[in-house]
Amino acid sequence: MSDYADLTRFITEHIVSNKEAINIHAVPRGRSTIIEVTVAEEDMGKVIGKGGRNIEAIRAVVRAAGLRKHERVQVELADGGRHA
């Protein structure tokens with residue numbers, strides 16, 4: 001489970017300016033794992049990317065890593081209590 005959180009952190013660190021504000025939690029939910037990502041407000045646009053391309057790319061990479069082990073993994077971008 002932490003492999004997916006580490007992978008998500010690695011990718012996110014290379015996108016954002018404020019690396020100290022990155023907060024990642026792996027939450028098991030039934031047969032899947034939810035990776036919750038929180039970044040600084042000023043980095044939110046960078047993580048989402050134009051038209052959501054960056055966050056979709058992060059989700060695709062982490063989902064593919066999960067599929068290799070036959071596990072379901074989802075990445076959710078959290079802003080305080082809101083999910084994108």
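The values are calculated or read from the model by the stated rules, or taken from the named source; none is laboratory data. Keep in mind that this is a model prediction, so the values were computed, not measured. Positions of Cβ are generated from backbone atoms using ideal geometry, with glycine treated the same way; all protein chains shown enter the neighbour counts.
So the values come out like this:
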| read-out | value |
| --- | --- |
| Selected residue (criterion: modelled with the lowest pLDDT) from residues of the range 53-84 that are in a strand (DSSP E or B) and hydrophobic (A, V, I, L, M, F, W, C) | 78 |
| Output for the range 1-21, where each listed residue is crowded, with 16+ Cβ neighbours inside 10 Å and aromatic (Phe, Trp, Tyr) | 4 |
| Restricting the range 37-52 to residues that are at positive phi and part of a helix (DSSP H, G or I), the residue that is surrounded by the most Cβ atoms within 10 Å (Cβ to Cβ) | 52 |
| Sole residue being in contact with an Asp or Glu (Cβ under 8 Å, 6 or more places away or on another chain), surrounded by 15 or more Cβ atoms within 10 Å (Cβ to Cβ) and without any contact (Cβ under 8 Å) to a residue 40 or more places away in the chain, chosen from 55, 24, 34 | 24 |
